[in-house]
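Structure record follows, encoded as structure tokens.
The values are calculated or read from the model by the stated rules, or taken from the named source; none is laboratory data. Just so you know, these numbers come straight off a predicted model, no measurement behind them. Please note: Cβ atoms are built from the backbone with ideal geometry, for glycine as well, and neighbour counts cover all protein chains shown. Surface accessibility is based on the protein's heavy atoms, side chains included, excluding ligands, DNA and RNA. Shrake-Rupley method; radii C 1.70, N 1.55, O 1.52, S 1.80 Å.
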Amino acid sequence: MSLIRVLLAILFPPLSVIGKGCGSIVIVFLLTLCGWVPGVIAALVILNNPN
């Protein structure tokens, strides 16, 4: 996880997971629409996953 990705996950979560696949982007986007905090948490969890 790079520092730029973490900052991007805090500022705009869907953009930070753009390299992880379309499903991840959609999930993080929907969670961000529900609230900013769930989107940030989901983005950080996805970025922390090594797969």
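Assorted remarks:
- Ellipticity estimate at 222 nm from DSSP helix runs (n ≥ 4, -39,500 (n - 2.57)) divided over the chain, nearest 500: -22000 deg cm²/dmol
- Global geometry of the chain, whether rounded, prolate or oblate, following the gyration tensor of its Cα atoms and the 1.5 cut on a/c: oblate
- Apportionment of accessible area to carbon and sulfur, segment 8-51, percent (1.4 Å): 78
- A 1.4 Å probe run over the chain, with the rest of the protein chains in place, finds 66 Å² accessible per residue.
- In this simple spin-label approximation, V26 and I41 carry label points 7 Å from Cα along the Cα→Cβ vector, and these lie 2.3 nm apart.
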